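Chemist: Input: one structure, supplied below.
What follows draws every value from the coordinates through simple rules; no lab data is involved. For clarity, every value in this text was computed on a predicted model and none was experimentally measured. Neighbour counts are summed over all protein chains in view; Cβ atoms, including those assigned to glycine, are modelled from backbone coordinates with ideal geometry.
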Amino acid sequence: MDPALVKLALGGVATLGCIGLFFGIGLAIAAQKFHVEPDPKVEAVLHTLAGAQ
Amino acid sequence: MKSIRSYHLLVGVLVVAALFLTGCETGHKFVKKTEFKDTDKMVLTFAGPVDEAWAKNIANFSAYEKPDPDIVLTIKEAVLSSDKTKLTLIFAAPLNTGEAHILSTSNIMSEGQDLGAAVLTIKKLYFGVLMTIFLGAALIKNFVFTKYLGLCVFFGCSQKRSTAIGMGVVFTIVIAFAATMAWALYQFVLKPYQLTFLNIVVFIGLVSLSVQGVDTILRKVNPALFKAFGVYLVLVIANCIAIAVPLILADNEYTGWESFSLALGAGIGFLIALFLMACVREKLELAKVPPSFKGLPIAFVTAGLFALAFLGFSGLSIY
């Protein structure tokens, strides 16, 4: 194998991994910061409904 | 509240002003302005009078389109205005004014003084370029009616007008956000690391990511809006326009503003298409349609007729 290609592939994996990690952490922080308590009544009503649609 | 609004207005004015200013750089301090005129002329405005003998000699100038430096354009005639500050170069063939042109001159002579050679860039006002991209994406090359993209969401969400508007607005917001991020990622990460072959994978992730982000933030910041639009937000991922826009802007090497206006055009075009279709389908509910055509078949026929009507925009050019 051409070492340049190996370098490109490993670099790609590392870069995409970093991007994924970065955005994943970003989304996790956003989800925590903008957390909304789900209303238990909504859950209860949805549970009693048939839920066909 | 009022102060916030005037602040927004100020920012808007500054952004537009910055866009206008970008069209005015010339590259030589004695040349005040360069612009296209008609389809075959370039106009140079100088800060002072230039020598007639220098200006009238067309061998002093050579021009080419920026992407093709080896194809030199032929200049037919050079006309100097009576106050000797405005030079009009007339070309033998019409110019492709959508591209930036490079005009190099020999040493500029003004009242016997040698002011040095100039390499000038001539391009349309940047705002005009952006408007062309916007109108192109929204009307002339409407994604739904001329490229047949996003049809599943188009037929799924066009039964009622309120649904159509909701879907269109949410889609416009998400696509503008996703396309700007896609541009940044493509220009600053994928291209420098030679990973452009991965762009489809990255863009798909980016679209779902921005949908998730908008979903999370909207839920907290504006619950009323979330209740109204929340259902359509998830559907945006299923829309193929959302992946087409990043791919197009990567293919054409668009700049940040150009990508944004392409995304905005795509969103508004989709909104227009959905709204028009919803208006017709509401009326179709009451019309006498042959039983075999009821529902989707007649909707497809209508979409075809709309596509034909949108062909009428094909010659449109404002800027």
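Chemist: When the dipole is taken about the Cα centre of chain B, and only Lys, Arg (+1) and Asp, Glu (-1) are charged at their Cβ, what size is it in debye, to the nearest 20?
Modeler: Roughly 1520 debye for chain B.
Chemist: Can you sort B:TYR64, B:TYR254 by how many other beta carbons sit within 10 Å, fewest first?
Modeler: Final ranking by Cβ density, sparse to dense: B:TYR64, B:TYR254.
Chemist: While we're on this one: Under a no-solvent Debye model with one identical scatterer per Cα of chain B, what's log10 I(q)/I(0) at q = 0.08, 0.10, 0.16 Å⁻¹?
Modeler: So the normalised log intensities work out to -0.53, -0.75, -1.27.
Chemist: Most mobile of B:PHE293, B:PHE134, B:PHE154 per a Gaussian network model of chain B (Cα springs, under 10 Å)?
Modeler: Of B:PHE293, B:PHE134, B:PHE154, the most mobile in the Gaussian network model is B:PHE293.
Chemist: Going 7 Å from the Cα of B:LEU247 toward and past its Cβ, which residues in the range B:177-191 have a backbone nitrogen under 17 Å from where you end up?
Modeler: B:179, B:182-183, B:186
Chemist: Please work out the FRET efficiency for the pair B:VAL72 and B:THR146, using the Cβ-Cβ distance as r and a Förster radius of 35 Å; give the result to the nearest 0.05.
Modeler: E between B:VAL72 and B:THR146, to the nearest 0.05, is 0.45.
Chemist: Counting helices only, and only those DSSP H runs with n ≥ 4, report the 222 nm mean residue ellipticity of the protein assembly as shown as the sum of -39,500 (n - 2.57) divided by its residues, in deg cm²/dmol to the nearest 500.
Modeler: -17500 deg cm²/dmol
Chemist: Let me ask another. Using only Cα atoms, what is the ratio of the radius of gyration of the range B:155-253 to 2.2 N^0.38 Å?
Modeler: 1.16
Chemist: Can you sort B:ARG161, B:ARG281 by how many other beta carbons sit within 10 Å, fewest first?
Modeler: Sorted ascending by nearby Cβ count, the order is B:ARG161, B:ARG281.
Chemist: Go through B:LYS29/B:LYS191; B:LYS191/B:LYS227; B:LYS33/B:LYS76; B:LYS124/B:LYS147; B:LYS66/B:LYS86 and tell me which ones have a Cα-Cα distance over 31 Å in this structure.
Modeler: B:LYS29/B:LYS191; B:LYS191/B:LYS227
Chemist: Moving on to the next point. Taking just the alpha carbons, could you work out the radius of gyration and Dmax for the range A:3-48, both in angstroms?
Modeler: 20.1, 62
Chemist: Wrap a convex hull around the Cα atoms of the range B:24-63, take a quarter of its surface area, and give that in square nanometres.
Modeler: So the Cα hull casts an average projection of 3.4 nm².
Chemist: Additional query: With 10 angstrom as the radius, rank A:LYS7, B:LYS147 by how many other C-beta atoms surround their C-beta, starting from the fewest.
Modeler: A:LYS7, B:LYS147
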